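Okay, here's the structure, questions in a sec.
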Amino acid sequence: MAQSAYANYLALRGKLRRMSSTYSIIGNSYSALATLMLDTALKNSGYLPKESYYGSPFQQPGVTYKDWIAQLKRAGILAPFKDEDQTSEKADWIRFKPGPVTLPYVNKEKLHQSEMASMEDLHNEIHLSEKRMDEKKADRTELEETKKKLEATSSKLDETSSKLDATNRALTEIADAIRDLQDAALPPDTEEKRKRREAAARRIEDQSKHAKAN
């Protein structure tokens with residue numbers, strides 16, 4: 001189950017559920033969509049075949065595979081893998097990057113998986129170190145040095161996690177500002193909407209600087 005396979009599945013599902021009232025393409029399929037987005041980004045190198053749409057809970061009457069992809073892009077769930085993909089897509093599949101909505105959750109999941117792998121390596125290294133000490137009857141100094149190295153590695157992981165959290169917060173702010181900018185761009189144009197666009201543009205610029213800084 002995705003709930004046990006991905007640490008950030010429930011958070012992403014909740015985000016998509018809240019968005020479903022605004023974006024009809026999500027509908028009641030937010031649970032399956034959360035799983036699909038994490039699987040595609042983390043297991044399938046971004047490739048999303050048309051078989052993932054046709055005959056699935058995502059399929060809707062009158063909506064083609066390409067229509068589905070286009071609507072998910074407009075909702076910020078997907079982003080083109082390359083700039084040229086915006087105008088040219090293969091018939092049977094598309095390769096995408098996580099959009100501004102899903103990117104923070106994918107990044108957190110990557111960090112979580114990296115931390116799990118690192119912790120496994122740390123435990124293996126501890127086990128091997130202790131085994132070597134038993135075999136060679138090494139003194140306590142060797143074990144203390146190994147523990148210090150492991151503690152230093154753990155500290156670096158915490159620092160990396162903190163920086164990524166800051167980046168994710170900035171990306172989430174950017175995603176919200178983009179949606180505000182899009183809403184304010186809808187006719188009719190008013191002074192209030194122009195002010196909203198200017199404010200959204202400033203937020204995007206400020207948060208982009210924060211994301212780059214991290």
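Each reported figure results from applying straightforward, stated rules to the coordinates on display, with no laboratory input. Note that this is a predicted model, so its numbers are computed, not measured. Cβ sites come from the backbone with ideal geometry, for glycine too, and all protein chains shown count toward neighbours.
Go ahead and run the numbers for FRET between T64 and S21, Cβ-Cβ distance against an R0 of 25 Å, rounding to 0.05.
Details: r = 24 Å, r/R0 = 0.95.
For T64 and S21, the calculated efficiency is 0.55.
Give, as a single signed number, the net charge of other residues whose beta carbon lies under 12 Å from the beta carbon of N107, with Lys and Arg counted +1 and Asp and Glu -1. Present the calculation step by step, with values, prior to reporting the outcome.
Working: positive: K97, K108, K110, K163, R169; negative: E109, D165.
Residues near N107 contribute +3 overall.
Sticking with this structure for a sec: Determine ³J(HN,Hα), in whole Hz, for all residues of the range 100-111 in sequence, where each value follows from phi through the Karplus function 6.51 cos²θ - 1.76 cosθ + 1.60 and θ = phi - 60°; x replaces Gly and Pro.
Along the range 100-111, the couplings run x, 6, 8, 4, x, 6, 5, 4, 4, 5, 4, 5 Hz.
I would also like to ask the following. Taking the Cβ of R74 as the centre, find all other residues whose Cβ is under 13 Å away and add up their charges (Lys, Arg: +1; Asp, Glu: -1). Numbers along the way, then the final one.
Values: positive: K66, K73, R179; negative: D67, D183.
After counting each charged neighbour, the total is +1.
How much length, in nm to one decimal, is gained on full extension between D165 and K148, taken as 0.36 nm per residue of separation minus their Cα-Cα distance? Can you show the working numbers first?
Values: separation 17, 0.36 × 17 = 6.12 nm, distance 2.59 nm.
Length difference between fully extended and current span is 3.5 nm.
Note down the net charge around R203, summing +1 for each Lys or Arg and -1 for each Asp or Glu among other residues with Cβ under 9 Å from its Cβ. Intermediate results must be reported in sequence, preceding the final value.
Numbers: positive: R202; negative: E173, D176, D180, E205, D206.
In short, -4.
With θ set to phi - 60° and the Karplus curve 6.51 cos²θ - 1.76 cosθ + 1.60, what are the ³J(HN,Hα) couplings of the range 198-209 in order, to the nearest whole Hz, using x for Gly and Pro?
Using θ = phi - 60°, the values come out as 5, 5, 5, 4, 5, 4, 4, 5, 5, 6, 5, 5 Hz.
While we're on this one: Quick one: what are the phi-derived ³J(HN,Hα) couplings along the range 20-29, Karplus 6.51/-1.76/1.60 with θ = phi - 60°, whole Hz, x for glycine and proline?
Each residue's phi maps through the Karplus curve to give 4, 6, 9, 10, 5, 5, 6, x, 9, 9 Hz.
Under 5 Å between amide H atoms, partner at least 5 residues away or on a different chain: which partners does K97 have, H built in plane at 1.01 Å?
Long-range HN contacts for K97: A79, F81.
Between A201 and A5, what is the spin-label point distance in nm, taking each point 7 Å from the Cα along the Cα→C-beta axis?
The answer from the label model is 4.3 nm.
Okay, moving on. What is the order of R202, R197, fewest Cβ neighbours within 10 Å to most?
Working: R202 11, R197 17.
In order of increasing Cβ crowding within 10 Å: R202, R197.
On to the next question. As a quick test, which of the pairs K97/K148; K110/K193; K43/K66; K82/K156; K15/K110; K43/K149 have an alpha carbon distance above 30 angstrom in this structure?
Details: K97/K148 39 Å; K110/K193 38 Å; K43/K66 22 Å; K82/K156 32 Å; K15/K110 18 Å; K43/K149 32 Å.
Too far apart for the 30 Å limit: K97/K148; K110/K193; K82/K156; K43/K149.
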